[in-house]
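To start, the structure itself, in C-alpha cells.
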Amino acid sequence: MKHPMNSAAAICGLGVTAMGRVYRDAEDLAAEAVYLAIEDAGLKKSDVDGLLINAGVSNAVSIPLHVTLGMQELNVLTFMQGYGSSAGQMIQYAAMAVANGLANYIVCVFADDPLQEGQRTGAAYVGAGRRSAMGSLYPLYGFAGALPMYALAAQRHMDLYGTTQEHFAEIAIGQRKWAAMNPAATKREPLDLAGYNASPWVVQPFHVLDCCLVSNGGVAVIVTTAERARDLKQPPVYLRGFAQAHGHDAGRSDKDAAIHTPAARSAPKALAMADAKLADVTQCQIYDCYTYTVIATLEDYGFCKKGEGGPFVADGKLGPGGALPTNTGGGELSSYYMWGMTPIAEAVIQGRGQGGQRQAKNELILVSGNGGVLNYHSTLALSPRAA
Amino acid sequence: MPEARPWLPEPDSSNRPYFEGAQHGKLRLQQCSDCKDWMFPVRKRCQTCGSTHLQWADACGRGTVYSHALLRREYHPRHAGRLPLVMAQVDLDEGVRVNSNLVDVDPAKVEVGMKVVVTFEHSPTGEAIAVFKPA
C-alpha cells in the first residue's frame with residue numbers, strides 16, 4: 001500500500017541568490033532568496049502562509065525574517081536547527097504540514113554570511129568564544145571546528161579499509177567536472193590529480209580541496225501539495241519519500257561513529273516510503289562537506305559494502321557520464337556551501353529537467369543532509385513523477 | 001622575548017578537578033556513583049542513567065587509538081615548531097573517547113588500534129596538558 005506521504009507534497013519554487021563573496025548580511029540574503037522563490041513558483045507573496053527558517057554558522061537569520069518580508073498572516077512559522085540535516089528536515093516538516101492542511105505554501109529558507117571582508121575564509125568555522133578551560137583544550141590539540149574530526153574519520157576509513165588519497169581526489173575531481181557545466185558554481189576551472197595533490201594540507205589526510213567552500217548566500221524552497229504544484233509555473237518535483245536518523249556522541253567509544261553513520265538508518269526508511277529500491281535511484285545529491293562524507297554516505301546508503309566506497313568511486317561513476325551521477329552541480333566542494341540546501345537546490349533543478357548541459361537521468365533523486373560530525377542525517381527521495 | 005602567557009583560562013568549579021588531577025599526573029574523568037558509567041567532558045547528569053551523583057575519579061590512563069591525523073597548519077603557540085602535530089582520538093579503557101595528541105612517536109607509524117598511555121606536557125606557565133604516547 002502506498003504510504004500516505006509518498007507524493008503528497010512537491011517542491012514548486014526555488015530561489016538561489018548570488019553565492020560566495022557576497023558581502024551582504026544573511027537576513028537580507030534570506031529575504032532575497034524568498035522573493036526569488038516566490039517569483040520562480042509564479043506565486044504572489046500573499047499566497048505564502050508558512051515560513052521555516054534555518055540559519056548557518058553565522059546564526060543571523062531568525063523569526064523576525066517574517067517582519068522583514070512583510071508576512072503578517074502566516075499559519076506556520078518556526079526556526080529550525082539540525083545543522084547540515086536542517087534543510088532536508090524543513091522540507092519534511094513542510095510536506096507534513098501542507099499535506100494535513102496547516103498551510104498551503106511553505107517557504108523553507110537558509111542563509112549564511114560567514115565570509116567577512118578582511119577575515120580568513122574559514123574564520124567563522126574555527127569557532128569563537130571558547131571561554132572555559134575545558135573548551136580551550138581543543139585548539140591546543142589542533143581540534144578547531146569540524147574539519148579535524150572529519151579528517152580523523154577519513155583516516156580511520158583509510159586505516160581500516162585501505163581507502164587512498166586518490167579515492168578522495170576522485171570525488172573532488174569528478175565534482176569539479178560537474179561544476180564546469182554549472183554557471184552558478186564558484187569553482188569551475190579544471191582540476192586534475194596533480195592540482196589536487198598541490199592543494200595545501202590542512203589536517204592530513206585533507207587537502208584544502210577535500211573541504212567544502214565557505215559561502216555567503218541564501219536559498220529558499222517552496223513546498224506545497226502535489227495537487228497545487230501541478231497548476232503552477234514550474235514542473236513539480238514530487239517528494240516521494242523522506243526520513244531522518246540522528247545520534248552518536250563523539251565522547252563515547254561505544255559507537256564507531258567515524259565509519260557507521262545515521263545515513264544507514266535514514267535511506268532505507270526514505271526509500272520504503274517512496275516504495276522504491278536503491279537500484280531505482282538514477283542520481284544522488286550527497287552532502288559533501290568533505291570528500292570523505294560522500295564515500296561514507298554512499299556506503300551507508302548501501303550503494304556498496306562498508307569499506308568499499310573508495311574503489312566504488314574510483315572508476316569515475318559519480319562524474320559526468322558515470323553510472324551514478326552525483327553532485328551534478330559541483331556540490332559543496334565546487335559550487336557553493338549552503339549546508340543542506342546545496343544538494344536540495346541542485347536536486348530541484350535536476351528534477352525539473354533544467355540542468356542543461358549537466359542534466360542527468362532524474363527519475364529518482366536521492367538527496368542527503370548531514371550535520372555535526374556525521375551525527376545528524378536527513379534523506380529525501382525526489383522525482384519529476386508522482387507515485 | 002614576550003612574556004609567556006597561559007594557554008588556558010582559569011579552571012572553574014565545574015572542571016577544576018580535571019586540571020588539578022593533571023597537575024598531579026592523573027587523568028581524571030567523571031564517574032556516575034550510581035551506574036558507574038564514565039563520561040567526558042564535564043556533565044551535570046549521567047548520560048546513561050540520568051543520575052546527578054557524579055564524582056571525579058582517576059582513569060587508568062590507558063587507551064587505544066580510534067583515529068589519528070596530522071595538523072599541518074599552526075594557529076596556536078603550542079603548535080609552533082611541532083608540525084606535523086599528531087592528533088588522535090583515544091578510546092580510554094573506561095569507555096570514553098577523548099581528543100588529544102600523540103607524542104614520542106614517528107607520525108608515519110601511528111595507526112588505528114595502537115595502544116597508548118597518558119603523559120603530561122607542561123606549558124611555559126606550568127599548566128599540565130594530557131597527551132598520549134605509545135604504551
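Partners of B:Lys133 within straight-line reach, counting aspartates and glutamates whose Cα lies under 17 Å from its Cα and excluding those fewer than 8 residues away in the same chain: B:Asp91, B:Asp93, B:Asp104, B:Asp106, B:Glu111, B:Glu121.
For the protein assembly as shown, the normalised intensity computed at q = 0.07 Å⁻¹ comes to -0.40 (log10 of I(q)/I(0), Debye sum over alpha carbons, equal scatterers, no solvent). From helices alone, chain B scores -1500 deg cm²/dmol at 222 nm; the rule is -39500 (n - 2.57) for each run of n ≥ 4 DSSP H residues, then divide by the residue total. Panel values: the stretch A:170-233, Kirkwood radius from alpha carbon pairs, Stokes-Einstein at 10 °C and 1.306 mPa s, translational diffusion coefficient 108 µm²/s. Cα axis of helix A:26-41 to longest principal axis of chain A: angle in degrees, 0 to 90, nearest 10? It is inclined by approximately 50 degrees.
Neighbours of A:Ala169, meaning other residues whose beta-carbon lies under 13 angstrom from its beta-carbon, give a summed charge of -2 when Lys and Arg score +1 and Asp and Glu score -1. For chain B, B:Cys60 have no disulfide-compatible partner, since no other Cys C-beta lies under 4.7 Å from theirs.
Given in Å, the Rg to one decimal and the Dmax to the nearest whole number for the Cα atoms of chain B are 15.8, 51. Starting from one equal scatterer on each C-alpha and no solvent at all, send me the Debye-based log10 I(q)/I(0) for the stretch A:139-204 at q = 0.12, 0.18, 0.20, 0.23 Å⁻¹, two decimals. Calculated log10 I(q)/I(0) at the listed q: -0.41, -0.82, -0.93, -1.04.
Cα-based values for the stretch A:1-73, radius of gyration first and Dmax second, are 14.5, 50 Å.
Between the listed residues A:Ala99, A:Tyr23, A:Val57, the Cα displaced farthest toward the positive end of the dipole of the stretch A:1-123, a dipole computed from Cβ unit charges relative to the Cα centre, is found at A:Ala99.
For the stretch A:263-328, dividing the convex hull volume of the Cα atoms by the residue count gives 82 Å³ per residue. Legend: residue pairs A:Lys277/A:Lys306; A:Lys44/A:Lys177; A:Lys177/A:Lys277; A:Lys187/B:Lys109; A:Lys269/B:Lys44, Cα-Cα distance threshold 30 Å; pairs beyond threshold, A:Lys44/A:Lys177; A:Lys187/B:Lys109; A:Lys269/B:Lys44.
Taking a straight line from the alpha carbon of A:Lys45, these lysines sit under 28 Å away, with near neighbours fewer than eight places off in the same chain left out: A:Lys233. For the stretch A:266-371, the normalised intensity computed at q = 0.15, 0.17, 0.19 Å⁻¹ comes to -0.56, -0.74, -0.95 (log10 of I(q)/I(0), Debye sum over alpha carbons, equal scatterers, no solvent). Across B:Gln55, B:Gln31, B:Gln23, mean-square fluctuation computed from a Gaussian network of chain B (C-alpha pairs under 10 Å connected) peaks at B:Gln55. Please go through the stretch A:91-143 and write out the trypsin sites (Lys or Arg not before Pro) that DSSP classes as loop and that have at most 12 other C-beta atoms within 10 Å. Passing both the DSSP loop test and the Cβ count: A:Arg120, A:Arg131. Remark: relative contact order (chain B) = 23 percent; criterion is Cα-Cα distance under 8 angstrom and separation of 6 or more residues.
How many percent of DSSP beta bridges within the protein assembly as shown run antiparallel, rounded to 5? Present the calculation step by step, with values, prior to reporting the outcome.
Numbers: 70 of 86 bridges.
Looking only at bridges with both residues in the protein assembly as shown, the antiparallel portion is about 80 percent.
Would you kindly state the longest site-free stretch of chain A, with sites defined as GluC sites (Glu not before Pro) in a DSSP loop (not H, G, I, E, B) surrounded by at most 11 other Cβ atoms within 10 Å? Value returned for the longest uninterrupted segment is A:118-387.
About its Cα centre, the stretch A:159-291 has a charge dipole of approximately 540 debye under the convention of +1 per Lys or Arg Cβ and -1 per Asp or Glu Cβ, with nothing else charged.
Here the sum of -39500 (n - 2.57) over DSSP H runs of 4 or more residues, divided by the residues of chain A, equals -9000 deg cm²/dmol at 222 nm, to the nearest 500.
Taking a straight Cα-Cα cut-off under 12 Å and skipping sequence neighbours fewer than 8 places away in the same chain, the aspartates and glutamates within cross-link reach of A:Lys361 are A:Asp280.
Volume of the convex hull of the stretch A:1-148 (Cα atoms only), normalised per residue: 151 Å³.
Could you size up the charge dipole of the stretch A:135-210 around its Cα centre, putting +1 on the beta carbon of Lys and Arg and -1 on that of Asp and Glu, and report it in debye to the nearest 20?
Working: 5 positive and 6 negative charges, 44 e Å.
Around 220 debye, computed over the stretch A:135-210.
For the stretch A:344-377, trypsin sites (Lys or Arg not before Pro) are listed when DSSP marks them as loop and at most 12 other Cβ atoms sit within 10 Å of their Cβ; the list is A:Lys361.
Would you mind counting up the charge near A:Glu39? Only other residues with Cβ under 14 Å from its Cβ, with Lys and Arg at +1 and Asp and Glu at -1.
Details: positive: A:Lys44, A:Lys45, A:Lys233; negative: A:Glu32, A:Asp40, A:Asp47.
Its environment carries a net charge of 0.
Bear in mind that the values in this text are calculations on the coordinates, not laboratory data. Given the structure is predicted, the values throughout are model-derived calculations rather than measurements. Neighbour counts run over all protein chains shown; Cβ positions are idealised from the backbone, glycine included.
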